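Colleague: Supplied in structure tokens, the structure appears directly below.
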Amino acid sequence: MHRGRVVFGAMDEVVFGRPASEVIVEQMARLGAVRAFLMVSGTLNRETDVIRNIRDMLGPRCVGTFDAMPAHTPRAAVIAATEQARVAKADLIVTIGGGSITDGAKAVQLCLANDITTVEGIDKIRAVAGAPPPMNPPAVRQISVPTTIAGGEFTANAGVTNERTKVKEALRHRLVMPRAVILDPAIGLHTPEWLWLSTGIRAVDHCVEGICAREAHPYADAQALKGLALLAQALPRVKANGRDLDARMDCQIGTWLSTGPLAAGVPMGASHGIGYVLGAEFGVPHGHTSCVMLPSVMRWNISVNAERQALVSAAMGYPGKDASEVLDKFIRGLGMPRSLREVKVGPEHFDRIAQQAMATPWVPRNPRKIEGPAQVREILELAA
């Protein structure tokens, strides 16, 4: 008998297939907001007219722009953005960018609500052993326009990197989930191909680890399997023709669906857990961590979940094939890295990665039980 719990998050709407500039104005009116603080991609702000057009549409309702959020959302940048939003007296944060910017705005919400003014102060709001501490709920919320397809905008979690320890730490509160997400495929035209495709593999990773989890159930499967099927056919179409907006829209909807397992209480596994360490410790981009780790994790897990892995192969259009091989060929076909060596992580680092991965939320939830760092190292050696 299936058992589980589905938590419906604090998001009101997802608007897709319309120009973001129009929808942002509509959302501000819907929410009664009059002071929008933009947290945006520096590249979009400095090298395109996308952000300028949005500021022009907002007029005096735009009270500030922050465009200096590095990858992996370091604490110092979160504090800098928080101070700028505080001085601007923002009543809504609007993000236009990738996952680090989205996560940064989630962290800013909590810093504003809890009067956090220093990098050390973030200790007061970070989750410990998976549980968030008591804190004030966000009063200034956010809406998000993603320019990549990892899917973090659909969750109530943020990953913030502690520069001192080089550990990505979780911040959690149900109200940090954006009030609305706006999926505009045209904005993705400005995203570098490697970044779009690699974050698409991050979304594939959400689907695959959700389908293959011990706690998988039909509600989550319905979303993950459809999301995986969309991503499997749409990502190669974007690779073939970067201006194919229908393909980009399918990628965005597939990514939205890919977050279904997490929202439905299904945990991720070792690919995500090891990926946290590769990102925070070695600066490997989010998407590349999944490109490198997912097939090897599947290969290591197959002794306990072959039937579930068969669902992955079928959803990707290769029924009866080995899922790790299907994923390996798919990722290579997109021109993405497929080994730790390719992302400049050598065997001399494996013991440290394995130790740190055991402390992540997901490695202990991997479908094949991981008893200790030695087994994480086995996976790393498969991915070497």
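What follows is calculated from the coordinates using simple rules that are stated; it is not laboratory data. Predicted model only: the values in this text are computed from it and were never measured. As a convention, Cβ positions derive from the backbone with ideal geometry for all residues, glycine included, and neighbour counts pool all protein chains shown.
Colleague: Stretched out fully, how many nm does the piece from residue 244 to residue 139 gain, at 0.36 nm a residue minus the Cα gap? If you can, show how the numbers build up before the last one.
Modeller: Values: separation 105, 0.36 × 105 = 37.80 nm, distance 3.87 nm.
This chain segment gains 33.9 nm when fully extended.
Colleague: With the cut-off at 1.5 for a/c, could you classify the range 313-384 from its C-alpha gyration tensor as rounded, prolate or oblate?
Modeller: On the way: a/c = 2.76, a/b = 1.44, b/c = 1.91.
It comes out oblate by the Cα gyration axes.
Colleague: Which of the lysines could a cross-linker bridge to residue 329, judged by Cα under 18 Å and excluding same-chain residues fewer than eight apart?
Modeller: Candidates past the 8-residue exclusion: 239, 321.
Colleague: Could you tell me which of the pairs 124/226; 166/369; 89/166 are separated by over 30 angstrom between their Cα atoms in the structure shown? Present the calculation step by step, with values, prior to reporting the outcome.
Modeller: Values: 124/226 39 Å; 166/369 26 Å; 89/166 32 Å.
Among 124/226; 166/369; 89/166, the Cα-Cα distance tops 30 Å for 124/226; 89/166.
Colleague: Taking amide H positions as placed in the peptide plane 1.01 Å from N, state which residues far from residue 66 in sequence (5 or more) or on other chains have amide H under 5 Å from it.
Modeller: HN-HN under 5 Å from residue 66: 38, 39, 40.
Colleague: Excluding residue 30 itself, calculate the net charge of residues whose Cβ lies under 15 Å from the Cβ of residue 30, where each Lys or Arg counts +1 and each Asp or Glu counts -1. It would help to have the intermediate numbers written out before the result.
Modeller: Details: positive: 18, 61, 141, 179; negative: 12, 13, 22, 26, 91.
Once positives and negatives cancel, what remains is -1.
Colleague: In addition: Between residue 34 and residue 83, what FRET efficiency comes out of the Förster formula 1/(1 + (r/R0)^6) with R0 = 30 Å and r the beta carbon distance, rounded to 0.05? The partial results should precede the final answer.
Modeller: Working: r = 21 Å, r/R0 = 0.69.
Calculated transfer efficiency: 0.90.
Colleague: How do the peptides 247-257, 162-172, 183-193, 271-281 rank, highest first, by the average count of neighbouring beta carbon atoms within 10 Å per residue? Working shown, then result.
Modeller: Details: 247-257: 24.4, 162-172: 17.0, 183-193: 18.7, 271-281: 25.9.
Final packing ranking: 271-281, 247-257, 183-193, 162-172.
Colleague: Count the net charge of all other residues whose Cβ sits under 10 Å from the Cβ of residue 260, scoring Lys and Arg as +1 and Asp and Glu as -1. Before the final figure, lay out the partial values.
Modeller: Details: positive: 226; negative: 221.
Charge balance in the 10 Å sphere: 0.
Colleague: Taking amide H positions as placed in the peptide plane 1.01 Å from N, state which residues far from residue 284 in sequence (5 or more) or on other chains have amide H under 5 Å from it.
Modeller: The answer is 279.
Colleague: A further question on this structure: For residue 168, what charge total do you get from the other residues with a beta carbon under 12 Å from its beta carbon, if Lys and Arg give +1 and Asp and Glu give -1?
Modeller: Numbers: positive: 75, 126, 166; negative: 103, 163, 169, 281.
Result for the local shell: -1.
Colleague: So, one more: Apply the Karplus parameterisation 6.51 cos²θ - 1.76 cosθ + 1.60, with θ equal to phi minus 60°, to every residue of the range 364-381 and state each ³J(HN,Hα) to the nearest whole Hz, in sequence, with x for glycine and proline.
Modeller: Calculated HN-Hα couplings, in order: x, 9, 4, x, 8, 4, 9, 7, x, x, 4, 6, 4, 4, 4, 5, 4, 5 Hz.
Colleague: For residue 10 and residue 237 in the same chain, what is the full-extension length gain: residue separation times 0.36 nm, less their Cα-Cα distance, in nm? Provide the component values of the computation, followed by the final result.
Modeller: Working: separation 227, 0.36 × 227 = 81.72 nm, distance 3.29 nm.
Separation in residues times 0.36 nm, less the Cα-Cα distance, equals 78.4 nm.
Colleague: Let me ask something additional. Using a cut-off of under 20 Å, list every residue of the range 252-289 whose amide N is near the label point 7 Å from the Cα of residue 348 along the Cα-to-beta-carbon line.
Modeller: Residues 278-284 fall inside that zone.
Colleague: Quote to one decimal, in nm, the extra length available between residue 193 and residue 18 on full extension: 0.36 nm per residue of separation minus the C-alpha distance between them. Don't jump to the answer; show the numbers that get you there.
Modeller: Working: separation 175, 0.36 × 175 = 63.00 nm, distance 2.17 nm.
Taking 0.36 nm per residue and subtracting the Cα distance, the gain is 60.8 nm.
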